[in-house]
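These notes concern the structure reproduced below.
Just so it is clear, none of the values below were taken in a lab; they were calculated from the coordinates. Model, not experiment: these values are computed from the prediction. No Cβ is skipped: glycine too gets one built from the backbone with ideal geometry, and neighbour counts run over all protein chains shown.
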């Protein structure tokens, strides 16, 4: 049978069961995830119940925070369960619907990635307009969770103001590349980014309009940042932690703000990470460090879509993506993300 | 001549010059200050110019932040100069005045301690009422800079709210002892303090109304704090840094706030300090860490005096002081402060 747009079926109706693929957590990694961490499995495509929709996933997101969910520790999101499918941001097309508000054919963003098909309560999906984005995958990046993370983190958490100098680490990544561009478009005095290759730093200055960028592998971050920020830094958007955070504190101006968004440098560490040894200097500088999660900032989605969507239509903001083809390659895409192989948002084309 | 209340003299008038003692920075310490750091010197008592007053110091303050000013590094206050007198909070009596608003006989708080007499612009002194405080020295502690630090840090920086659990380190010190009492009087669910001796922790629970206190020398801070705060901590007031800060982050509840006020554990370190290795967990908990200085909170002085002064008159708040007699013993008082020998505010009775 066709699993296209007009599915009306039931496992109890004696029809041949439709099958789909999903990626499961096979075992909890210690340190870096490996091939043993994941398994690809075939399972019955689920049926939408009352108020639910069946979604054919088109793109799925891989994000650094997923590494944390592979550990069996209490955190802000429940850990992934061994033997169960992973989940995370995805965008797809509704192929069966028991909810009027989300009809068959609608494109939706939802949180059940890592699988070919997903059933979700219609209330838990967000309908998006494919015509308003260069590709549907933009709703996982520039116009999605990572873009909103950049927007809320820079403007609400770090309270960036026109005329200030901004430093962002992981600047060629999904969040960092948007942070830098919003800062530029909102009138930053100077935007500085760090990344892990010469190709990425070139991308930052030549394509994204950063004023300065450096490769953190070339020399100590503190030295390179000091050279790139002769007048200091007012806002630091931290995707990395460790030596980057210490360096940012050391060059930070009085009343500086730090949005602590991620610490990818240490997600796979088994020992405690290097920590900023100069944290006490935040007293005299009266620096504010704030950890944040995008989940508490969904009320900003309308402002974000209006402003960033406007820049996108006007060609003022760009978002490179790194697209990996095929659900079966999602684990490798995730590992590549942790190794920093992506430029911009890393997504997997599921189907 | 009498340097009492009616001085009208000039060094050019051929009178015998009046002499006074002051403590100077003899050399910059590396690590802990020693006897070589200080020298006591005799000098001419200065003359008040137009708009100035001559003050006879009665009490002077020794505070941890003074250690930082002994280093020749750019910071939020200029470093002390070798060969010049130290300075800092003091309270005294005006003995000569060229300013109507601050007459002879007024008691004033000002910033020229470490000397027997001081000349200050009248605009830079604060007139206080000796009758409104148990002792004049209270204007250096409970009703002074350290009290305001506690008040602004707890209420404005950490945004403490009724029903929350508060942890304060250095809790038997000048700032910490006030933080804990304000939290209690403002309706904290639980107030926990750490200090460096059994006598101090007993003082916290028996005299100051803390719900729990522990001696950080007895066992790892993280273990003791966890036991003392079974429901976690909402607000941490940090006077210590290092392992205390790491422990506080580890037990902190979601949306916790940390007021970073001091880091006395490391002021004399010559090597980089142990740093909180769990700073990345502030992301998921969405913790806010704010460094602050009391200097930016003087607008809160009226609220502070009204509220804390009211508690003082009602006998609801207390402030033990450690008083060292004699200007010549001020260096030793300062060293004792760094060693944690004080309970409550450490002051020196100058004359």
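A few points about this structure:
- Taken together, the residues in the range B:118-155 that are crowded, with 17+ Cβ neighbours inside 10 Å and part of a helix (DSSP H, G or I) amount to 17.
- Test result for residue A:284, within 14 Å of chain B (Cβ to nearest Cβ) and in contact with a strand residue (DSSP E or B) (Cβ under 8 Å, 6 or more places away or on another chain): yes
- Taking the numbered list (1) surrounded by fewer than 20 Cβ atoms within 10 Å (Cβ to Cβ); (2) in contact (Cβ under 8 Å) with a residue 40 or more places away in the chain in turn, residue A:97 passes all entries but (1).
- Qualifying residue in the range A:232-243 (condition: surrounded by fewer than 20 Cβ atoms within 10 Å (Cβ to Cβ), touching a strand residue (DSSP E or B) at 6+ places or on another chain (Cβ under 6 Å), within 14 Å of another protein chain (Cβ to nearest Cβ) and farther than 30 Å from residue A:127 by Cβ): yes
- For the range A:215-229, the criterion of a residue being in contact (Cβ under 8 Å) with a residue 24 or more places away in the chain, facing chain B (nearest Cβ under 10 Å) and either surrounded by fewer than 24 Cβ atoms within 10 Å (Cβ to Cβ) or under 26 Å from residue B:266 (Cα atoms) (or both) is satisfied by no position.
- The residues of the range B:287-306 that are crowded, with 16+ Cβ neighbours inside 10 Å, touching a helix residue (DSSP H, G or I) at 6+ places or on another chain (Cβ under 8 Å) and more than 7 Å from chain A (Cβ to nearest Cβ), listed by number, are B:294, B:297, B:300, B:301, B:304.
- Residue match in the range A:61-71 (condition: touching a helix residue (DSSP H, G or I) at 6+ places or on another chain (Cβ under 9 Å), under 17 Å from residue A:39 (Cβ atoms) and without any contact (Cβ under 8 Å) to a residue 60 or more places away in the chain): yes
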